[in-house]
1. Among the residues of the range 462-485, is any farther than 27 Å from Leu379 by Cα and among the hydroxyl-bearing types (Ser, Thr, Tyr)?
2. If we scan the range 110-121, do we find a residue that is among the β-branched types (Val, Ile, Thr) and under 30 Å from Ser284 (Cα atoms)?
3. Listed residues Asp403, Asp407; which is surrounded by fewer than 17 Cβ atoms within 10 Å (Cβ to Cβ) and closer than 30 Å to Thr389 by Cβ?
4. Please find, within the range 348-383, the residue that is surrounded by the fewest Cβ atoms within 10 Å (Cβ to Cβ) out of those that are over 35 Å from the mean Cα position of the chain (by Cα) and free of Cβ contacts under 8 Å to residues at least 40 places away in the same chain.
5. For the range 145-192, how many residues meet the condition of being under 42 Å from the mean Cα position of the chain (by Cα) and under 23 Å from Ser261 (Cα atoms)?
6. I'd like to check which strands (runs of 3 or more DSSP E) are fully inside the range 461-552 and have at least 2 residues that are free of Cβ contacts under 8 Å to residues at least 12 places away in the same chain.
7. Given the options Ser273, Ser284, Ser261, name the one that is without any contact (Cβ under 8 Å) to a residue 12 or more places away in the chain, over 16 Å from Gly161 (Cβ atoms) and crowded, with 18+ Cβ neighbours inside 10 Å.
8. I'd like the full set of residues that are surrounded by fewer than 17 Cβ atoms within 10 Å (Cβ to Cβ) and more than 18 Å from Thr232 (Cβ to Cβ), limited to the range 163-188.
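The values are calculated or read from the model by the stated rules, or taken from the named source; none is laboratory data. No experiment lies behind these values; they were computed from the predicted model shown. Because the Cβ atoms are built from the backbone with ideal geometry, glycine has one as well, and the counts that use them run over all protein chains shown.
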Amino acid sequence: MQRVLKLILPLAGKWKLGMNILLGIISGLCNFLFIHLVTRIIGEIATGQYTVISQQYLFIFALIILFFIWTRRTLSYSIIQLSQLLFWSLRKQILSQVLQADYRQLTDRKHKIYAALVHDVNVLTQTSLNIIDFFTASILVFSCLVYLGFISWILFLATLGVGIAGTAIYHLRTRKNLQQFAHARDLENKFLEHFDTILKGFKEIYMEPKKGKAVYEGKILGIADETCRDNTVAFTGFLNNQIVGRVLFYILVTVILLVFSVTLNIGTGKVVSFVFTLLYLLGSLEIMMSLLPTLARAKIAANHLVDLKEELEAARFSNPMAKQYISKAAFDQITVTDLTFHYSEAAGTFGIGPINFNARKGEAVFIYGGNGSGKTTFLHTVLGIHLPTAGEIRLNDALVNEDNYADYKTAFAVVFSDFYLFNELHGVDKVDEEKWTRYLRLFELEGKVTLEGTRFSTTALSAGQRKRLALIAALMEDKPVLVLDEWAADQDPYFRKRFYKEILPALKQEGITIIAITHDDKYYTCADKLYKMDGGKLMAEAVNMHESGFVA
């Protein structure tokens, strides 16, 4: 409960939370006053004292009902507001921290974050709506117990003994149920990981259904069965606790009616009032017991959310917004000197370097090499996705370091090999209509895509056309350096030739520097500089070596 309050208290504030608690107390007291009045009148009817219609009772009933409606509605509205505030505040807080992470930090926590945003936040929000019923029921239980003590302290002690016995049984049997819920929640992360595999690998699964079958039968079915078993055991445990509690109270009511009413010589009115109040008490306990599984799952969800928030805060993510953007006019060159990068400090892990590299304003720089040679790793290091292990990067003459990385990254517009095509021009403050039209014509997408504000009319295009649209979107950012990773691989021979022979020269004339990973050896002569990547080493080559299309 302490961790739940740690999430809720900063959002609600102590004053508002206190007001909600007060309204809950008043709402519960209204229920108790109603029950008390009902038992009193039933007692009067049983003893023959109520013979005429009482306007006083009618007025009190009306007052209680109206007051209950007002407090319950006010409290419910406040809780609904709080639940929505909780839902979106938690999502915004986590996403805000996520956007501060670097690429590797986010990749390591992706499924954990997804589960927290989709599962834990929803569980906690839904539970906050049930708090009203739980809190009102608990106030009613307390009030009924006090009232029972006034009716008969002996019967009250018997009731209290049954209540203590039920509570002890509940605590003894609940620990295992909570462990089952916690284990089921941990399995949610694994499920989302395999679900993500199916979505992202669906093309491969479509071509070879056995891959999908292996993920489904080998991974997901096991998780589903285990989660189903854990939740079933946990919910059944809570149900058994609920049944035990009800049986104990049934035995108590039976003993009061058949034994205590005779042996203790308790009057008819008191017995009726006691049993009637006891039944209301049992109803309230039933509400509380039925909500306990939900509260238990909320506690687990809150623990995961707090742990995630603390983990994200402890990681000290730092991906600040740029203080100034590098314009085409300000850009001159990028120089890499003795750059190295390794994926971890362990010996034998893959790495690149030392590498020396230079790209000047308006140049087309091509990089080629075999699969696994380190091309993409080098590109990611130059872009700042990976931070160099050693060496230096200079933008113009300025050394790139932690203080100016955010500014440095603004020099690049990128289309990755596994690019994501947004459905609108994010990050473009003002759309240059003339440039958009010119690029559509240049990339032969006229009539296929239009711009509605900043939103694309469609992204339902062929793979090659989607990549062209992604490149247009990158060019609309008006960055001085364009980075392409195997961009032409999805283009047909006609457009591939057009790209190298017409589009690249046109972009260079705009003052754009192009750094491209490519295997199109036929067009290496279109480059101003050519580099070969082999075993993590980058070697400069003469462009004229490839005039015949032969690759050394």
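1. Keep residues of the range 462-485 that are farther than 27 Å from Leu379 by Cα, which gives none.
No, the conditions are met nowhere in the range 462-485.
2. Applying the first criterion (among the β-branched types (Val, Ile, Thr)) to the range 110-121 yields 113, 118, 121.
Still in the list and also under 30 Å from Ser284 (Cα atoms): 121.
Checked against the condition, which is being among the β-branched types (Val, Ile, Thr) and under 30 Å from Ser284 (Cα atoms), the range 110-121 yields at least one hit.
3. Unique residue meeting the criteria: Asp403.
4. In the first step, residues of the range 348-383 are kept if they are over 35 Å from the mean Cα position of the chain (by Cα); the result is 348, 353-370, 373.
Narrowing the set further to residues that are free of Cβ contacts under 8 Å to residues at least 40 places away in the same chain leaves 348, 354.
Numbers: Gly348: 7, Pro354: 15.
Here the residue is Gly348.
5. Start the filter on the range 145-192 by keeping residues that are under 42 Å from the mean Cα position of the chain (by Cα), which leaves 163-192.
Next, from what is left, pick out any that are under 23 Å from Ser261 (Cα atoms): 163-165.
Residues in the range 145-192 being under 42 Å from the mean Cα position of the chain (by Cα) and under 23 Å from Ser261 (Cα atoms): 3 in total.
6. Values: elements: 481-485, 513-517, 529-534, 537-541.
Correct list: 537-541.
7. On the way: Ser273 fails: without any contact (Cβ under 8 Å) to a residue 12 or more places away in the chain; Ser284 fails: without any contact (Cβ under 8 Å) to a residue 12 or more places away in the chain.
Every option except Ser261 fails the conditions.
8. Ile164, Ala165, Thr167, Ala168, Ile169, His171, Leu172
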